[in-house]
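K.L.:
My questions all concern the structure below.
The values are calculated or read from the model by the stated rules, or taken from the named source; none is laboratory data. Note that the structure is predicted; figures quoted are calculated from it, not measured. All Cβ positions, even for glycine, are placed from backbone atoms using ideal geometry, and neighbour counts span all protein chains on display. Ligands, DNA and RNA are excluded from the accessible area calculation, which covers all protein heavy atoms including side chains. Shrake-Rupley method; radii C 1.70, N 1.55, O 1.52, S 1.80 Å.
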Amino acid sequence: MSRPFLRAVTPLVPSVPDARFCGHCGQPPRDPQLTARVCDRCHLGMVLTAAQDLAPNGREPFLVVDRQLAVCAMSRSAERLLSVEEPDAVNRLLTDFLVPADADTTAQNALLALVVEAASGAAGVTRTVVRPAGEFGVFFEARIGIVGPPPAALVVLDG
Ligand SMILES: [Zn+2]
């Protein structure tokens, strides 16, 4: 009687280590063992976790967006870039601040679909090109993926 082989299964999605960073200043916690939810550098942002290839490095501007496409948090550098303060941005739509580089409806829907998928837990990081709402001629490559807690979409603009 033959017995089935036991063999290692290669995961379909390569596992990327997670990175922790502050939702306001974008920096990793000063104390890598930090268990508090609030950043130990600026004391203003919550500590978030995302895949290392998604997490902002240094001063890259970013926004955290929920499944309803509402802004939950915005980094200090994004506040400067988009000329808005986080308290005035929270609960407003992502598209009040960032829109696809292409003005057409298909591009708009594609961007929103990427954000909803990421906020709903889709694995991996997707890339697209966006521009600040109401501005033409200024483009940013953006990467989008899941961040938490709680699960939401992270939109990082390439610095
Ligand atoms: Zn901070």
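K.L.:
Sort by residue number and name the cysteines in the chain that have no neighbouring cysteine Cβ under 4.7 Å.
P.N.:
That list is CYS72.
K.L.:
Mind computing the radius of gyration and Dmax over the alpha-carbon atoms of the stretch 53-157? Å is fine for both.
P.N.:
Just the Cα atoms of the stretch 53-157 yield Rg and Dmax of 12.2, 34 Å.
K.L.:
Over the heavy atoms of VAL38, what accessible area does a 1.4 Å probe trace out, to the nearest 10 Å²?
P.N.:
In the full protein context, VAL38 sits at about 60 Å².
K.L.:
Can you tell me the 0 to 90 degree angle between the C-alpha axis of helix 105-119 and the longest principal axis of the chain, rounded to 10?
P.N.:
Tilt of helix 105-119: around 50 degrees.
K.L.:
Please state the charge dipole magnitude for the stretch 53-157, taken about the Cα centre, from unit charges on C-beta atoms (+1 on K and R, -1 on D and E), reported in debye and rounded to the nearest 20. Intermediate values should be presented prior to the final figure.
P.N.:
On the way: 8 positive and 13 negative charges, 35 e Å.
Magnitude of the dipole: close to 160 debye.
K.L.:
Percent relative contact order of the stretch 53-157, based on C-alpha pairs within less than 8 angstrom and at least six residues apart?
P.N.:
Numbers: 213 pairs, mean separation 32.2, N = 105.
RCO, the stretch 53-157: 31 percent.
K.L.:
Let me ask another. Determine the calculated [θ] at 222 nm for the chain from helices alone, applying -39500 (n - 2.57) to every DSSP H run no shorter than 4 residues and normalising by the residue count; nearest 500 deg cm²/dmol.
P.N.:
Working: 3 runs with 26 residues, N = 159.
Helix-only estimate at 222 nm: -4500 deg cm²/dmol.
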